[in-house]
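Just below is one structure, and these are the notes that go with it.
The values are calculated or read from the model by the stated rules, or taken from the named source; none is laboratory data. The shown structure was predicted, so the numbers you read here are calculated from the model rather than taken from an experiment. Here the Cβ positions follow ideal geometry from the backbone for every residue, glycine too, while neighbour counts run over all protein chains shown. Each accessible area value is taken on the protein alone, full model and side chains, heavy atoms only, with ligands, DNA and RNA left out. Shrake-Rupley method; radii C 1.70, N 1.55, O 1.52, S 1.80 Å.
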Amino acid sequence: MDQTSKPLHVLLIWVVVALGWHAPVWAETVEDLYSAEVLVAGQDGESRSVGMQQALILVLGKVSGAALATDEELQARLGDAGRYARTFGYHETDETLQTQEGETIPASRMRVSFDPRGVTLLARELDLPIWGANRPSVLVWLIEEERGKRQVVASGGTGPVHEALEAGGEERGLPLMLPLMDIDDRTEITDTELWGLFAEPIVEASARYNPGAVLAGRYYRVASNQLAGRWMMIFRGERTSIDVRAADETELVNKGIDLAVRELAARYAIRLGDASELPARLVLAGVNSGDDYAQAINYLQKITAVRSAKPIGVEGDQLTLHLTIDGTLAQLKEVIALDNRMQPELERSALEPVGSRSLYYQWLSLP
């Protein structure tokens, strides 16, 4: 059978693969993307200045998806971090800090909220990418083996692993969720399949949660009292795995989160340098009213990858815009696929020549 005689649904699947379109995934808007909490030795000016720098580095890491070290070179480039701050405040804690002299002292927690525009400009100066607040959710399957018994980390539990997942997800700006491990989950996947990190049953068991990505891991305690394990990231059919050793549950979890952030940021984080500026033409159907028009323009202008969206023509329900984008068209499509506001028109896109910078979408009005 030649290609022209294939059924329509088969041709559409081929178009989806060839053009890189993806169905919308479960995404979440990350709250407090430009805020961070740090431990400080006190509420004096020197402690506040140090805390501001540490908080700004955390925010830059969260916004860019990069793992930023708090080294002296980066701190020197930040200068007075307080000039980017909007608000800050303190609250008491039982935690402690260790001074350079080795003395353990009581600590406070300082929470700082930074100006998004200022942080974006700073990231651009530091040649860091920007990853928008709308991010794919990540379903975490994690199984522990202890004394021959295996236990899956489930939603609603408590303990060091749950605390590390909550803190790590907030610090890196990654929406994490855990499986319920109810009868449906236990019917779909066995401990043996999860311990073996077999991708197919893990993906099938994840389907009910409709996650944007899946992070699966296993771990056990070795003779040195360290934790040893393996993490596997599954995203859009691609798998990336790493072996890990960790001193405790927090380090183990953070290595898995680092893997997930690295893989997702490579897709969604956009560099905002002048050299990345590219034109594109967007034809948006389904714009039936002035309200649709305003919503569509507002939506496009909020996308990190879109530097500007200028209307150049209206015909019937079809709005044509000239876009100036940062990054690639593929990245822009990935970001749009996180929402349910614009649906790709595959048949019209398939008629475009290779290398075309024209995009065809259908605007989906809010009820």
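Per residue, the chain exposes 52 Å² of accessible surface when a 1.4 Å probe is rolled over the protein heavy atoms with every protein chain present. Other residues whose C-beta falls under 13 angstrom from the C-beta of Leu180 contribute a net charge of -2, scoring Lys and Arg +1 and Asp and Glu -1.
Between Glu166 and Asp115, residue separation times 0.36 nm minus the direct Cα-Cα distance comes to 15.9 nm. Pairs of Cα atoms nearer than 8 Å and 6+ residues apart set the relative contact order; for the chain it is 17 percent. For the stretch 57-65, putting each phi into the Karplus relation 6.51 cos²θ - 1.76 cosθ + 1.60 with θ = phi - 60° gives couplings of 5, 4, 5, 4, x, 5, 6, 8, x Hz, in residue order, rounded to whole numbers and with x for Gly and Pro. Placing unit charges on the Cβ atoms only, positive for Lys and Arg and negative for Asp and Glu, gives the chain a dipole magnitude near 980 debye about its Cα centre. The modelled label-to-label distance between Ser289 and Ala350, using points 7 Å beyond Cα along the C-beta direction, is 3.3 nm.
Converting phi to 3J(HN,Hα) with the Karplus coefficients 6.51, -1.76 and 1.60 and the offset θ = phi - 60°, the stretch 121-129 yields 5, 5, 4, 5, 4, 8, 6, 9, x Hz in sequence order, with x at every glycine or proline. Accessible area per residue was computed with a 1.4 Å probe on protein heavy atoms; Asp127 scores about 100 Å². Of the accessible area of the chain, with the probe set at 1.4 angstrom, what percent is carbon plus sulfur? Accessible surface attributable to carbon and sulfur in the chain totals 50 percent. With 0.36 nm allotted per residue and the present C-alpha distance subtracted, the Gln226-Asp44 stretch has 61.7 nm of extension available.
Counting only lysines at least 8 places from Lys302 when in the same chain, those with an alpha carbon closer than 25 Å to its own are Lys62, Lys310, Lys333. Exposure check, 1.4 Å probe, all protein chains in place: Met232 carries approximately 10 Å² of accessible surface.
Close amide H pairs (under 5 Å, H built 1.01 Å from N) link Glu28 with Arg135, Ser137, residues at least 5 positions away or on another chain. When His162, His322 are compared by accessible area at a 1.4 angstrom probe, the order from most to least is His322, His162.
Among the trypsin sites (Lys or Arg not before Pro) found in the stretch 262-367, those both in a DSSP coil and sparsely packed, with 15 or fewer other Cβ atoms within 10 Å of their Cβ, are Arg357. Give me P(r) over the chain, computed from all C-alpha to C-alpha distances, binned every 20 Å, as integer percentages. The calculated distribution, bin by bin, is 25, 51, 23, 2.
Our estimate of slack between Arg86 and Glu146, defined as 0.36 nm per intervening residue step minus the Cα-Cα distance, is 16.9 nm. Between Asp127 and Arg236, the modelled labels are 2.5 nm apart [label points 7 Å from Cα along Cα→Cβ]. Note on Val314: accessible area is roughly 100 Å² with a 1.4 Å probe, heavy atoms of protein only.
Computed from backbone phi with θ = phi - 60° and the Karplus coefficients 6.51, -1.76 and 1.60, the 3J(HN,Hα) list for the stretch 335-347 is 5, 4, 5, 6, 10, 10, 8, 9, 10, x, 9, 5, 5 Hz; x is used for glycine and proline.
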